[in-house]
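Visitor: The structure follows.
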Amino acid sequence: MFSGGPAGCDLSIIIVSWNVWPILGGCLRSIEHASRSIPGEPHLRHFGPAGSPGALEVIVVDNASHDATPAELPQAFPWVRLIASTENLGFTRGNNLGYAWSRGRYIYFLNPDTELDQGHTHRLATARGLPPPHDSLWVLYAAIAEAPRIGMVGPQLRYPDGEQQRSVRRFPAPPTGFFESTWLGRFWRGNPWSRRMHMTDWPVEYRHDVDWVTGAAMLCSRQALEDVRTKEGPFDERFFMYSEELDLCRRLKLEEWRVVYVPEAVVIHYEARSSDQASAARHINFNTSKVRYYEKWFDRPWPDLLRRYLLLEFRSQLWIERAKLLLRSKPELRRQRIEAYRQVLRSGLRG
C-alpha cells in the first residue's frame with residue numbers, strides 16, 4: 001500500500017514488457033529525450049520546462065522475457081528501475097506490481113510499443129500541415145496536474161506513419177460486444193453500437209471528457225487510483241489483459257473522477273507487438289476479458305449470450321480452416337489456425 005512518495009517525485013512511468021526489447025528500447029529512448037538526468041539521483045529525471053521542472057521515475061516490469069531485455073536494459077538505461085518477474089504476470093498484475101513499487105503523485109501506464117512525441121518522431125504529421133508538435137509528456141502531465149477532479153488523461157495516438165488511431169470511447173451497451181471485433185461487426189460496419197462506442201460523432205482534434213481511453217497510454221492521479229483500487233492494486237486482476245482499462249475507467253467514473261482526452265499530447269503507438277507473439281493466447285485473453293466485463297457490469301442473460309456467440313464464431317472458423325486445409329490452401333497456416341481455434345474452444349472463454 002502506498003504511504004506517500006518522496007519529495008520531488010511527481011510522476012512514475014510504468015511499462016510492462018514481454019519479449020519486445022527493440023521496441024521497448026525505442027520507448028525508453030523517447031522518455032530519455034523528454035527528460036534530463038538529476039545529479040545525485042540515479043533513478044529520478046527532470047521533465048518539462050527548465051524553469052519549473054517536474055521529476056519522474058521509470059519502472060519496467062519485465063514479464064519473464066527470454067529475449068535480450070533482462071540483460072541489456074540495465075546497461076542501456078541505468079536510470080530505469082527494472083523489476084524482473086519470474087513469470088508472465090500479464091498486463092494487470094504487471095502494472096499492479098509496478099504501481100506497488102512506484103512513488104510518484106501521478107502514474108503513467110505506458111505500453112512498451114509506444115514512443116512519446118517530442119517533435120523528432122512525428123515529422124510526417126508536421127509535413128501534413130498539423131500544428132507544431134509539443135512536449136507530449138509535459139502537456140499530458142500539466143492537463144491532469146492543473147485540475148483536481150481529473151482522474152485520468154489520455155493522449156492522441158498515432159501510427160508510425162502518422163495516421164491517427166481513434167483512442168477515445170464511450171462505455172459499451174449490451175449489444176456492443178456482438179459487433180466489436182466479430183463477424184457481425186465486419187458484416188455491418190456502420191452498426192450504431194460500435195459507432196457510438198468509438199465516438200465517431202465526436203471530433204478528435206479537441207480536448208474533451210470521455211468515458212474511457214485505450215490502455216496504451218494512460219496518465220492517472222494516484223489519489224483517484226487509490227479511491228478505486230482493488231486489494232491487489234488499481235487494476236482488477238481477473239482481467240489478464242484487455243478490457244482492464246475499460247473496467248478501471250468505469251470505476252473511476254462511478255467515483256466521479258473525470259477522464260479527459262488531450263489531443264495536444266501525441267504518442268506514437270506501434271500496437272500489439274507483445275500479444276502478436278501468441279495468437280491463441282491473444283484470442284483467448286481478448287474474448288475472455290470481454291465476457292468477464294459483461295459478467296461484472298451487465299445482468300444476465302447478456303454474459304451467457306455473448307460467450308455462446310463468440311464460441312460459435314470460433315467453432316465456425318475452425319470448420320472453415322479445416323475445409324481450406326482439405327483443399328491444400330496454405331496448409332501450414334491452416335494447421336496453425338486450427339490449433340489456435342481449438343485452444344480457444346477448449347478454454348470455453350472462462351480464463
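Visitor: Would you work out if segment 197-294 is rounded, prolate or oblate? Take a ≥ b ≥ c from the square roots of the eigenvalues of the alpha-carbon gyration tensor; rounded if a/c is under 1.5, else prolate when a/b is larger than b/c, oblate otherwise.
Guide: oblate
Visitor: Could you provide, to the nearest whole Å², the per residue accessible area of segment 225-350 with probe 1.4 Å?
Guide: About 52 Å² of surface per residue is accessible.
Visitor: Further question on the same structure: Please list, ordered by chain and number, the residues whose modelled amide H lies under 5 Å from the amide H of His198; skip anything fewer than 5 residues away on the same chain.
Guide: Here the answer is Arg170, since their amide H atoms fall under 5 Å of that of His198.
Visitor: Could you state the angle between the C-alpha long axis of helix 302-326 and the longest principal axis of the C-alpha atoms of the chain, as a value from 0 to 90 degrees rounded to the nearest 10?
Guide: Taking the Cα atoms of the chain, the angle to 302-326 is about 70 degrees.
Visitor: If I fit a long axis through the Cα atoms of helix 331-347 and take the longest principal axis of the Cα atoms of the chain, what angle between them do I get, 0 to 90°, rounded to 10?
Guide: Roughly 80 degrees, rounded to the nearest 10.
Visitor: Heads up, I need the accessible area for Trp202: 1.4 angstrom probe, whole protein in place, Å², nearest 10.
Guide: Accessible area of Trp202: about 100 Å².
Visitor: Moving on. Where a ≥ b ≥ c are the square roots of the eigenvalues of the C-alpha gyration tensor, would you call segment 1-81 rounded, which needs a/c under 1.5, or, failing that, prolate if a/b is larger than b/c, or oblate?
Guide: Since a/c reaches 1.5 and a/b is larger than b/c, the shape of segment 1-81 is classed as prolate.
Visitor: Something else now. If you take the square roots of the eigenvalues of the alpha-carbon gyration tensor of segment 272-351 and sort them as a ≥ b ≥ c, do you get rounded (a/c under 1.5), prolate (a/b over b/c) or oblate?
Guide: In terms of gyration-tensor shape, oblate.
Visitor: Considering all projection directions equally, how large on average is the shadow of the alpha-carbon convex hull of the chain, in square nanometres?
Guide: That works out to 19.0 nm².
Visitor: Here's another thing I want to ask about it. Asp211 accessible area, nearest 10 Å², 1.4 Å probe?
Guide: The accessible area comes out at roughly 40 Å².
Visitor: Sticking with the crude label model, points 7 Å out along Cα→Cβ, report the distance from Glu332 to Arg300 in nm, one decimal please.
Guide: In this crude label model, Glu332 to Arg300 measures out at 4.7 nm.
Visitor: Put +1 on the Cβ of each Lys and Arg and -1 on the Cβ of each Asp and Glu in the chain; which of Val266, Leu24, Thr92 then has its Cα farthest toward the positive end of the dipole?
Guide: In the chain, that residue is Thr92.
Visitor: Going by alpha carbons, how many degrees (0 to 90, nearest 10) lie between the helix axis of 21-33 and the longest principal axis of the chain?
Guide: 30 degrees
The values are calculated or read from the model by the stated rules, or taken from the named source; none is laboratory data. Every value quoted in this text rests on a predicted model; they were computed, and no experiment measured them. Glycine gets a Cβ as well: all are built from the backbone with ideal geometry, and neighbour counts include every protein chain shown. Surface accessibility is based on the protein's heavy atoms, side chains included, excluding ligands, DNA and RNA. Shrake-Rupley method; radii C 1.70, N 1.55, O 1.52, S 1.80 Å.
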